[in-house]
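The values are calculated or read from the model by the stated rules, or taken from the named source; none is laboratory data. Not measured: the values here are computed from a predicted model. Every residue, glycine as well, gets a Cβ built from its backbone with ideal geometry; the counts of neighbours run over all protein chains shown. Heads up: the accessible areas ignore ligands, DNA and RNA and are worked out on the full protein's heavy atoms, side chains in. Shrake-Rupley method; radii C 1.70, N 1.55, O 1.52, S 1.80 Å.
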Amino acid sequence: MLLMKKTAHIPIDPRALAVLHAIEAEKESAWFVGGCVRDALIGRCAHDFDIATSARWDRVVALFSSRGCRVVEAGSAHGSVGVIYDELLVEVTTYRIEAAYGDKRRPDSVSFVDDIELDLARRDFCMNAIAYHPERGILDPFGGTEDIAEQRIRAVGDPALRFMEDPLRIMRALRFCSQLGFSLDEATDKALVECAAELNDVAKERVFSELSKLICSPYEEKVLARYANVLETVLEGIEALAKQPSPFKNTCKNMLEHAAHVVACVPEDAALRFAALFSHMAPHAEQNRKDECHAAVFARQRLRALKAPRKLIERVCALVANRSALVEPDRLGVSLLVAANNGDVRFVRDLLTLKIAQAAACGEREREYELRHASEILDELVANRKPLSRSELALSGNDLIAAGMTPGPSIAAMLDALLLEVIRETVANERTALLELASRIEPPTEGKAGNIFEKILKIRLTENPERSNIQIRA
Ligand code: ATP
Ligand code: MG
């Protein structure tokens with residue numbers, strides 16, 4: 001990897017450069033710092049820009065407000081101001097040093113200083129403690145550029161002290177390993193493992209945010225396998241997976257490696273990735289098929305403990321709970337699956353993605369092929385606007401009531417019965433044809449809405465026993 005010269009020029013968004021120059025025009029000093037410098041040196045696209053400056057935060061606010069920029073002052077107590085310059089958010093922070101992190105969230109106090117090098121010394125890792133100026137070049141007092149060249153993550157100063165000061169840095173270290181494919185240097189690695197228990201005191205939302213980035217990154221397999229003992233503190237149950245042998249036809253030595261491999265086989269989407277992981281984290285689910293929802297219960301408990309966003313928890317749990325859903329790779333089978341899930345195409349698409357990854361990771365080629373085919377059928381059904389939910393029928397519950405049906409649960413059941421016939425293509429999706437059919441069939445009286453589709457799916461599978469191999473194991 002290229003080792004940058006001190007005078008090297010690195011690409012920075014022109015709007016972020018304009019912010020830096022505006023600060024300097026006020027006779028203050030300013031440098032780019034943090035992730036944008038690190039990522040530019042690695043050759044990755046920076047997604048946010050941080051500037052460290054001698055200017056006090058209130059001066060920064062006044063300067064950019066007077067230029068008509070929107071300014072976000074939420075972090076001003078710590079010297080941080082967000083400047084929105086031509087739609088780009090640039091975080092501008094006064095050079096500072098920090099006192100201890102008493103509440104493990106934020107430093108007890110910060111002191112503003114005039115020296116960029118002092119500011120760099122409070123940063124977590126040497127690769128994140130590099131400053132860059134478009135004219136003065138790179139300022140790298142801790143050897144961060146060398147670390148980047150050697151793909152190494154090293155704490156600034158004594159690693160144990162730095163992890164004790166703010167244990168979130170443990171998660172940040174692992175998240176950077178997972179994003180960049182870098183390794184921890186020996187002393188940082190040792191301290192990280194020794195300080196793992198300190199993570200218990202960190203605000204759960206902060207931990208979850210890092211864990212989520214870790215799991216949605218390209219090197220997660222390597223990190224989960226190597227640091228399950230550390231992650232156990234925040235994700236109880238993960239270490240036990242390493243002790244379970246993998247029963248699948250692949251090269252994974254244990255269930256942890258297998259689970260991490262399935263995670264790698266789904267796109268970098270938090271719900272899919274957590275679902276892939278939690279699908280493997282239900283003790284004994286494999287032996288006890290009646291206990292299929294155990295994994296979903298487990299996932300909910302763990303994600304709630306981490307204060308994960310509610311919507312994400314619901315998506316993960318629904319995927320985990322349905323991971324063994326039956327899928328027949330034909331138009332009727334896929335349509336029924338969507339209808340059984342209230343017409344939620346996105347959910348079924350995610351479910352198929354999860355099952356495809358599972359089959360691929362297990363080396364089950366035929367099943368993988370069938371599921372991929374089912375996924376193509378789903379795309380085709382959507383492209384052809386085939387009705388897959390009650391709301392897509394050419395007639396509504398009100399039409400049925402107007403035609404004389406008694407309002408109540410039988411309306412939903414009748415709509416499902418009609419949808420089933422539309423899916424089977426025994427009737428066209430036209431209002432008069434549907435009304436006529438509704439007058440001829442008995443309104444179904446029992447069962448929860450949507451169950452009719454599941455029932456038919458099950459019947460199809462019983463009639464077609466060779467299809468039972470489509471079922472995915474937990
Ligand atoms: P990315 O934005 O790609 O996630 P980043 O390194 O820019 O990575 P930020 O959270 O944006 O991470 O923080 C910007 C910089 O602030 C970091 O590069 C680092 O120098 C410093 N920093 C952030 N969090 C900490 C921390 N907990 N302890 C010490 N320094 C930190
Ligand atoms: Mg950043």
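Among the numbered conditions (1) touching a residue at least 24 places away in the same chain (Cβ under 8 Å); (2) closer than 26 Å to residue 274 by Cα; (3) open to solvent by 40 Å² or more (accessible area, probe 1.4 Å), the only one that residue 196 does not meet is (3). Here residue 165 fulfils each of the conditions (1) closer than 23 Å to residue 301 by Cα; (2) touching a residue at least 60 places away in the same chain (Cβ under 8 Å) apart from (1). Being surrounded by fewer than 22 Cβ atoms within 10 Å (Cβ to Cβ), of a type in the set (Asp, Glu) and assigned to a helix (DSSP H, G or I) is a condition met by at least one residue of segment 211-225.
For segment 163-173, name all the residues that are charged (D, E, K, R) and surrounded by fewer than 22 Cβ atoms within 10 Å (Cβ to Cβ). Steps first, answer last, please.
Start the filter on segment 163-173 by keeping residues that are charged (D, E, K, R), which leaves 165-166, 169, 172.
Result: 165, 166, 172.
Table: residues versus (1) more than 28 Å from residue 198 (Cβ to Cβ); (2) within 28 Å of the chain's Cα centre (by Cα).
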position	(1), (2)
68	yes, no
80	no, yes
83	yes, yes
86	yes, no
89	yes, yes
108	no, no
124	no, yes
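Among the residues that make up segment 372-390, is at least one of them modelled with pLDDT under 95, of a type in the set (D, E, K, R), open to solvent by 40 Å² or more (accessible area, probe 1.4 Å) and not in a loop (DSSP other than H, G, I, E, B)? There is at least one residue in segment 372-390 that is modelled with pLDDT under 95, of a type in the set (D, E, K, R), open to solvent by 40 Å² or more (accessible area, probe 1.4 Å) and not in a loop (DSSP other than H, G, I, E, B).
Here is the figure for segment 69-89: residues that are away from ligand 1 (no atom under 16 Å from the Cβ) and part of a loop (DSSP other than H, G, I, E, B) total 4. Candidates are the residues of segment 11-40 that are small (Gly, Ala, Ser) and part of a helix (DSSP H, G or I); the one that is farthest from ligand 2 (Cβ to nearest atom) is 22.
Okay, residues lined up against (1) over 39 Å from the mean Cα position of the chain (by Cα); (2) modelled with pLDDT of 95 or more; (3) farther than 28 Å from residue 324 by Cβ; (4) aliphatic (A, V, I, L, M):
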site	(1), (2), (3), (4)
367	no, no, no, no
397	no, no, yes, no
462	no, no, no, no
470	no, no, no, yes
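Of the residues 187, 155, 129, the single one that is open to solvent by less than 20 Å² (accessible area, probe 1.4 Å), away from ligand 2 (no atom under 16 Å from the Cβ), at pLDDT 95 or above and not aromatic (Phe, Trp, Tyr) is 155.
Quick check on segment 86-95. Is at least one of its residues in contact with a helix residue (DSSP H, G or I) (Cβ under 6 Å, 6 or more places away or on another chain), β-branched (Val, Ile, Thr) and farther than 28 Å from residue 217 by Cα? Steps first, answer last, please.
From segment 86-95, those in contact with a helix residue (DSSP H, G or I) (Cβ under 6 Å, 6 or more places away or on another chain) are 86, 88, 90, 92, 94-95; that's our starting set.
From the residues that got through so far, the ones that are β-branched (Val, Ile, Thr) too are 90, 92, 94.
With the extra rule that they be farther than 28 Å from residue 217 by Cα, the set shrinks to 94.
Yes: segment 86-95 contains one or more residues that are in contact with a helix residue (DSSP H, G or I) (Cβ under 6 Å, 6 or more places away or on another chain), β-branched (Val, Ile, Thr) and farther than 28 Å from residue 217 by Cα.
Entry remark, segment 123-152: residues being in a loop (DSSP other than H, G, I, E, B) and not aliphatic (A, V, I, L, M) number 11 in total. The residue of segment 41-68 that is farthest from ligand 1 (Cβ to nearest atom), among those that are surrounded by fewer than 19 Cβ atoms within 10 Å (Cβ to Cβ) and in a loop (DSSP other than H, G, I, E, B), is 68.
Does residue 50 count as within 15 Å of ligand 2 (Cβ to nearest atom) and modelled with pLDDT of 95 or more?
The answer is yes for residue 50.
Report yes if residue 228 is in contact with a Ser or Thr (Cβ under 7 Å, 6 or more places away or on another chain) and in contact (Cβ under 8 Å) with a residue 24 or more places away in the chain, otherwise no.
Numbers: in contact with a Ser or Thr (Cβ under 7 Å, 6 or more places away or on another chain): no; in contact (Cβ under 8 Å) with a residue 24 or more places away in the chain: yes.
When the stated conditions are applied, residue 228 does not pass them.
Return yes when residue 73 is away from ligand 2 (no atom under 16 Å from the Cβ), over 22 Å from residue 128 (Cα atoms), at pLDDT 95 or above and open to solvent by 20 Å² or more (accessible area, probe 1.4 Å) and no when it is not. In short, no. Would you mind stating whether residue 176 is at pLDDT 95 or above, part of a helix (DSSP H, G or I), more than 10 Å from ligand 1 (Cβ to nearest atom) and open to solvent by less than 50 Å² (accessible area, probe 1.4 Å)? Criteria not met by residue 176.
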